[in-house]
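Participant: Have a look at this one.
Read-outs: derived from the displayed coordinates by stated rules, not from any lab. Bear in mind that the values here come from a model prediction, so they are computed numbers and not experimental data. Note: ideal-geometry Cβ built from the backbone for every residue, glycine included; neighbour counts use all protein chains shown.
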Amino acid sequence: MKKTKNIILCGFMGCGKSTVGILLAKKNGMAFIDLDAYIEKKENMTVSEIFEKFGEERFRELERQAARELSAKNGVVIAAGGGTLTFQENVDVLRKNGTIILLDLPVETVARRLENDTTRPLLNRPDKDEAMKELYNKRMPLYRAAADMVFDADQSPMQVCTEIMKNI
Ligand code: S3P
């Protein structure tokens, strides 16, 4: 049987990985899996609860395991977490059977989109803007290194989806 590659959406928190992923999957008749939601379902806890109760290290372990499990699938659109593709091990495992697409977004748009968000434990702190910028600057080069293709995500999810469809 012919195996279809997965599409893995990568990028900083708030770049639209899940929203664009759902649209892309629907348009292509593919299944959609959100990696964070996959972990939440397996653990029966939210990502925030996992961070709170067990810490970031435990979350990264669960994320690594989820990346391994999802890489065994074929022809699915996967929305990675914002940290997933900053770890080489996850890049290697997901790329074996998938095309990694970076949704690129300026930090100013991220800040605007996440202004009232409380669901990202890494940004739930008094110095949120500073922490966001630091993390963004650290991660963008890693995302670019991991990505097979890069798309401008500073537009509506439907526009991003259309751009991706034209090019893959
Ligand atoms: C994280 C991003 C989140 C989630 C967790 C850690 C990160 O996913 O995996 O809070 O390290 O950037 P989203 O990018 O979907 O918000």
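Participant: Between Lys53 and Ala31, how high is the FRET efficiency from 1/(1 + (r/R0)^6) when r is the Cβ-Cβ distance and R₀ = 25 Å? Nearest 0.05.
Facilitator: E between Lys53 and Ala31, to the nearest 0.05, is 0.25.
Participant: Moving to a separate point now. Net charge near Ile100: determine it from the other residues with C-beta under 12 Å of the C-beta of Ile100, scoring Lys and Arg +1 and Asp and Glu -1.
Facilitator: Here the count lands on +3.
Participant: Ordered by residue, what ³J(HN,Hα) values in Hz, to whole numbers, does segment 114-125 give under the Karplus form 6.51 cos²θ - 1.76 cosθ + 1.60, where θ = phi - 60° and Gly and Pro are x?
Facilitator: Computed from phi, the couplings for segment 114-125 are 9, 3, 9, 7, 10, 9, 9, x, 5, 10, 7, 8 Hz.
Participant: Here's another thing I want to ask about it. Per-residue counts of other Cβ atoms within 10 Å, averaged by peptide: what ranking do you get for 28-36, 13-21, highest first?
Facilitator: Listed from highest to lowest mean packing, they are 13-21, 28-36.
Participant: Determine the shape class of segment 1-116: with a ≥ b ≥ c the square roots of the Cα gyration tensor eigenvalues, call it rounded for a/c under 1.5, and otherwise prolate if a/b is greater than b/c, oblate otherwise.
Facilitator: Oblate, because a/c is 1.5 or more while a/b does not exceed b/c.
Participant: A further question on this structure: How many angstrom separate the Cα center of segment 23-47 from the Cα center of segment 109-143?
Facilitator: The two parts, judged by their Cα centres, are 22 Å apart.
Participant: Which of the DSSP-defined H helices in the chain satisfy a minimum axial length of 15 Å, computed from C-alpha atoms, and a minimum mean Kyte-Doolittle hydropathy of -1.0?
Facilitator: Membrane-span-like by this rule: 17-28, 157-167.
Participant: Cross-link partners among lysines for Lys96, C-alpha distance below 21 Å, same-chain residues fewer than 8 apart left out?
Facilitator: By straight Cα distance, Lys96 reaches Lys2, Lys3, Lys5, Lys17, Lys73.
Participant: Near the amide H of Asp34, under 5 Å away, which other amide H atoms are found, from residues 5 or more places off or on another chain, if H is placed in the peptide plane?
Facilitator: Ala79
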